[in-house]
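See structure below.
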Amino acid sequence: MTERRVIEGESFRDEDRYGEQLRNVAYTRCAFHDVDLTEAVSRGVVFTECTFGNVRLNASRHTDSAFLRCTFTRCNLFDAEFTDCKLTGSTFAECDLRPLRVTGGDWSFAALPRADLRGVAFSGVRMREVDLTGADCADGVFRDVDLSGAQLHRATLRGCDLRGSDLTALDPTTATLAGAIIDSTQAIVIAQTLGLHIR
């Protein structure tokens, strides 16, 4: 197994890294500002407690990588893909996140309050205690997603495909659900949340 090269406490600013191939490197407490990572590809890369400001990650592809407790501010993730990645505890503010495709991995404790997630697709992702307060997820896909403990107050899930996901944290009286697609097991969970008796 190739040992990761470690980069710690460095700052990267105004760099053109378009299409860069990132492999076997670990960034710890590094800062990226106004960096162009359009169409970049990462595999097995770990970012820990890094900050990303005005970073272009559009059309980037990430596989088996980790962004742990990172902060993304005003970043562009248009058409980005994450496959089996960890974004545990990361925070997103004023970011362009659509369209976004996430398959597998762990986004638990990530903070996406008031995020525009219309049409995004999450599949088979662990998102325990994720903060989606006030997020607009209309017409998105959350299939087989672990949303246990998620903060969904004032979230818009209109037209979402939610089948197979854990909706035990969903209060249907505080979220917009018109047109959402659920399965029969989820329907029972929601009915019980509303205090209905099923016989």
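Things to note:
- Verdict on Asp34 being under 25 Å from Gly149 (Cα atoms), surrounded by fewer than 17 Cβ atoms within 10 Å (Cβ to Cβ), of a type in the set (D, E, K, R) and not assigned by TED's automatic domain parsing to the domain that holds Ala175: no
- Residue within the range 19-41 that is assigned to a loop (DSSP other than H, G, I, E, B), in contact with a strand residue (DSSP E or B) (Cβ under 6 Å, 6 or more places away or on another chain), at pLDDT below 95 and not hydrophobic (A, V, I, L, M, F, W, C) present: no
- Applying the criterion of being assigned to a loop (DSSP other than H, G, I, E, B) and under 24 Å from the mean Cα position of the chain (by Cα) to the residues of the range 174-194, the residue that is farthest from Gly134 (Cα to Cα) is Asp183.
- Scanning the range 47-66 for residues that are part of a loop (DSSP other than H, G, I, E, B), closer than 16 Å to Asp14 by Cα and among the hydrophobic types (A, V, I, L, M, F, W, C) turns up Val55, Leu57.
- Matching entry among Leu157, Leu162 (being within 17 Å of Val189 (Cβ to Cβ), hydrophobic (A, V, I, L, M, F, W, C), outside the structural domain of Val55 (by TED's automatic domain parsing) and touching a residue at least 24 places away in the same chain (Cβ under 8 Å)): Leu162
- Every listed requirement among (1) within 18 Å of the chain's Cα centre (by Cα); (2) buried (at least 17 other Cβ atoms within 10 Å of the Cβ) is met by Tyr27 save one, (1).
- Residue check, Ala121 closer than 17 Å to Asp166 by Cα and crowded, with 20+ Cβ neighbours inside 10 Å: no
- Residue check, Tyr18 aromatic (Phe, Trp, Tyr) and surrounded by fewer than 17 Cβ atoms within 10 Å (Cβ to Cβ): yes
- Residue in the range 67-78 that is surrounded by 17 or more Cβ atoms within 10 Å (Cβ to Cβ), assigned to a strand (DSSP E or B) and not assigned by TED's automatic domain parsing to the domain that holds Phe32 present: no
- Count - residues of the range 57-88 that are more than 17 Å from Asp116 (Cα to Cα) and of a type outside the set (Val, Ile, Thr): 16
The values are calculated or read from the model by the stated rules, or taken from the named source; none is laboratory data. Values in this document were obtained by computation on a predicted structure and should not be read as measured data. Glycine gets a Cβ as well: all are built from the backbone with ideal geometry, and neighbour counts include every protein chain shown.
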